[in-house]
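The values are calculated or read from the model by the stated rules, or taken from the named source; none is laboratory data. What you see is a predicted model; the values in this text were computed from it and never measured. Positions of Cβ are backbone-derived with ideal geometry, glycine not excepted, and every protein chain shown enters the neighbour counts. The accessibility values were calculated without ligands, DNA or RNA, using every heavy atom of the protein model including side chains. Shrake-Rupley method; radii C 1.70, N 1.55, O 1.52, S 1.80 Å.
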Amino acid sequence: MTDFSKTRALFDLPDGVIYLDGNSLGALPTAVPARVAHMIAAEWGKELIRGWNSAGWMTMPRRVGDRVGKLIGAPPGTVVMGDTLSIKVYQALAAAIALNPGRRVILSDSGNFPSDLYMAQGLIRTLGGALELKVSDPEAIEGAIDQTIAVLMLTEVDYRTGRLHDMAALTRKAHEAGALTVWDLAHSAGALPVDVLAADADFAVGCTYKYLNGGPGAPAFIYVAPRHSDAAAPALSGWMGHEAPFAFDLDYRAGHGIERMRVGTPPILALAALDAALDVWEGVSLQDVRKASIALSEFFIREVERRCLQLVLASPRRPEQRGSQVSFRHPDGYAIMRAMIDRGVIGDFRAPDALRFGFTPLYLGEEDVRRAVEIMADVINNRRWDKDDYRRKELVT
Ligand SMILES: *Cc1c(COP(=O)(O)O)cnc(C)c1O
């Protein structure tokens, strides 16, 4: 059994804040500042360029990748860190397309995060426009898988509503139709049990600044199924993915296995922060996290529906159909969220009208949720949000 009172002590949250946005930016693990300070002073400061060997910087994308791999059911040597998630989506999609020549349709859904769709659109333009992106309704996705599909590219958990796709079933369906799959685990990794190997995913990608608490802009990950790892052609053929970067050959030769998904110099400061953040998962069972997250979100929905009658649930009602977040709709959702944040309850807002709340049992308990709903009810029922200042949109919502 995971002891959540112990995991909570591993995080540094400001007093007076109830943090319901770990689905967007995870909280700061207490161990991170010292680890990053050590990396800067003792490794960068003292080792200088030698650090690439003596401090193991060069192998860090693989070592940290293996730690992330454990949380998504990926065997050692199949995950590597680097770049941002948008870049990793592009790489995975380009490699999957090349592995399925003769087909020209990429299938996704309207619940996907826009950046994933934008990257697909950009890739299609780069490839000369011979491919086509089809965007289905999330509910109709299974029926849209047919013999024309080259790649099924989906995000397992919908960023807006929290709706959870059945990764194993959709992958099976895609494979039966002769398609490959690219799964985006941005809202899954660290939020619920994921098993890319059992689901037989071809490629998977994700970020580490959400439920994995790696910090703003933390490096992304990419998983390539072992059967593809020496066949996948890297679209972004940077020197760090070369078979021998320090041979400085003029021609690119793809590195072995997952190494070829590296692009350029890895972000060592950010990897050090993430590596320290991943320590909180030692002794944590994702089954326990899932159970606790469902209990918290069920309690939240019940309390909100009892006390905030103007809000409409935007997430699936059945917990097994949700990830670890809950959204409610309200036409003045943005101003409501700003007023809540002013009172210490931090969630976020997604256009046009969704108030979004993430449940992260590692550092959130039932008492926090009870208190959050109390403040929310006060803001809504007493129209405390009804101020021009709260309606003014900030750069990031
Ligand atoms: C958060 C998120 C992103 C963000 O991509 P970045 O390149 O890290 O900015 C992309 N896709 C999905 C599905 C996300 O949830």
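Equivalent-ellipsoid semi-axes (√(5λ), Cα gyration tensor) for the range 56-281, whole Å, largest first?
In descending order, the three semi-axes are 26, 21, 15 Å.
Which of the lysines could a cross-linker bridge to LYS70, judged by Cα under 22 Å and excluding same-chain residues fewer than eight apart?
LYS6, LYS88, LYS210, LYS291
Please label the shape of the range 22-106 as rounded, prolate or oblate, based on the square roots a ≥ b ≥ c of the eigenvalues of the alpha-carbon gyration tensor (a/c under 1.5 means rounded; beyond that, a/b larger than b/c means prolate, else oblate).
prolate
Take the Cα pairs of the range 181-306, get the Kirkwood Rh, then feed it into Stokes-Einstein at 4 °C and 1.567 mPa s and tell me D in µm²/s.
Value of D from the Cα-based Kirkwood radius: 77 µm²/s.
Report, largest value first, the span of the C-alpha coordinates of the range 150-220 along each principal axis, in whole Å.
Taking max minus min along each principal axis of the Cα atoms, the range 150-220 gives 39, 23, 20 Å.
Work out, step by step, the length gained on full extension between ALA42 and ASP200: first 0.36 nm times the residue separation, then minus their alpha carbon distance; give nm to one decimal.
Contour length minus the Cα-Cα distance gives 52.7 nm.
Take the chain, connect every pair of alpha-carbon atoms lying under 10 Å apart with a spring to form a Gaussian network, then pick out the residue of GLY143, GLY365, GLY323 with the largest mean-square fluctuation.
Result for the chain, Cα springs under 10 Å: GLY143 fluctuates most.
Would you compute, from DSSP H runs of 4+ residues alone, the mean residue ellipticity of the chain at 222 nm, taking -39500 (n - 2.57) per run and dividing by the full residue count, rounded to the nearest 500?
-10000 deg cm²/dmol
I'd like to know how the chain sits against the 2.2 N^0.38 Å rule of thumb: what's its Cα Rg over that expected value?
That works out to 1.01 for the chain.
Ranked from highest to lowest mean number of other Cβ atoms within 10 Å per residue, what is the order of the peptides 341-347, 147-153, 10-16, 380-386?
So the order, starting with the most tightly packed, is 147-153, 341-347, 380-386, 10-16.
How large a share of the accessible area of the chain, in percent, is made up of carbon and sulfur atoms when the probe is 1.4 Å and the other protein chains stay in place?
Heavy-atom surface of the chain belonging to carbon and sulfur, 1.4 Å probe: 55 percent.
In whole Å, what is the distance between the alpha-carbon centres of the range 1-51 and the range 193-267?
With the range 1-51 and the range 193-267 each reduced to a Cα centre, they are spaced 24 Å.
Using alpha carbons only, how many degrees (0 to 90, rounded to 10) separate the axis of helix 268-278 from the longest principal axis of the chain?
60 degrees
If I take R0 = 41 Å and measure r between the Cβ atoms of ALA177 and ASP230 in this structure, what FRET efficiency does the formula 1/(1 + (r/R0)^6) give, to the nearest 0.05?
0.95
Given a 1.4 angstrom probe, what's the average accessible area per residue across the chain, in square angstrom?
Here the residues of the chain average 42 Å² of exposed surface.
Looking only at VAL64, VAL80, VAL224, which one moves most when the chain is put into a Gaussian network model with springs between Cα atoms under 10 Å?
VAL64
Treating the angle as unsigned and between 0 and 90°, give the value, to the nearest 10°, between the Cα long axis of helix 366-381 and the longest Cα principal axis of the chain.
Compared with the principal axis, the helix lies near 60 degrees.
Determine the sum of side-chain charges near PRO245: Lys and Arg each +1, Asp and Glu each -1, restricted to other residues whose C-beta is under 11 angstrom from that of PRO245.
Around PRO245, the surrounding residues sum to -1.
Using a Förster distance of 25 angstrom, determine the FRET efficiency expected from the C-beta separation of ARG391 and ARG343, and round it to 0.05.
0.90
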